[in-house]
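J.: Okay, handing you the structure first.
FYI, it's all coordinate maths here, none of it is from the lab. A quick note: this is a predicted structure, and the numbers were derived from the prediction, not measured. Because the Cβ atoms are built from the backbone with ideal geometry, glycine has one as well, and the counts that use them run over all protein chains shown.
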Amino acid sequence: MHLKYLWFLYIILSLALAVVPQIVPCPLKYQCHTKEEPVWGSENRGCHIFLNKCFLANENCERINNHLSMLRLENKTVCQQKCHQSCPGIISPVCAIYRGFLQTFPNQCVLDKQACKTGKPWHYLFAGHCDAIYSLDEKKVL
């Protein structure tokens, strides 16, 4: 009798766990238009500028999937008060693009600080020097 009770309890618990809603990951990389309509997003640690609301939505999706707090839509003046004031001297180059112009920044913090202070929505492309994406023969962006 005791064994039947345990078996029944096991079945009930298994069914209950099966109907618990699963956390659905946020779909990353919405197809965003490249029209420049800057928006500002803030968090406790700083302020970030994005080319438009779609790029902010992509960032928030990535943050959700990495269990980080979402960025809140903020007005420029309030947000810029949260810009990084200083960055570590660590050299860990990152490549970013703004209006078709590529630039290598010493690290992610410097990129974020520059974008925030100037109001130019530099978009991170990859870790490393930007010259890595040039054709050796033609020196044009691939």
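J.: Provide the net charge surrounding Cys54, with neighbours chosen by a C-beta distance below 14 Å and charges set as Lys +1, Arg +1, Asp -1, Glu -1. Intermediate results must be reported in sequence, preceding the final value.
T.: Numbers: positive: Lys29, Lys35, Lys53; negative: Glu36, Glu37, Glu59, Glu62.
The answer is -1.
J.: If you bin every alpha carbon distance in the stretch 36-82 into 10 Å steps from zero, what whole percent lands in each bin?
T.: With 10 Å bins starting at 0, P(r) equals 31, 56, 14.
J.: Can I ask one more? From the backbone phi of the stretch 94-109, what are the Karplus-calculated ³J(HN,Hα) couplings (6.51 cos²θ - 1.76 cosθ + 1.60, θ = phi - 60°) in whole Hz, Gly and Pro given as x?
T.: Here the 3J(HN,Hα) series is 10, 9, 9, 10, 8, 6, x, 9, 8, 8, 8, 10, x, 6, 4, 4 Hz.
J.: Let me ask something else about it. Would you pull out the residues with amide H under 5 Å of Met70's amide H, same chain only if 5 or more places away, H placed 1.01 Å from N?
T.: none
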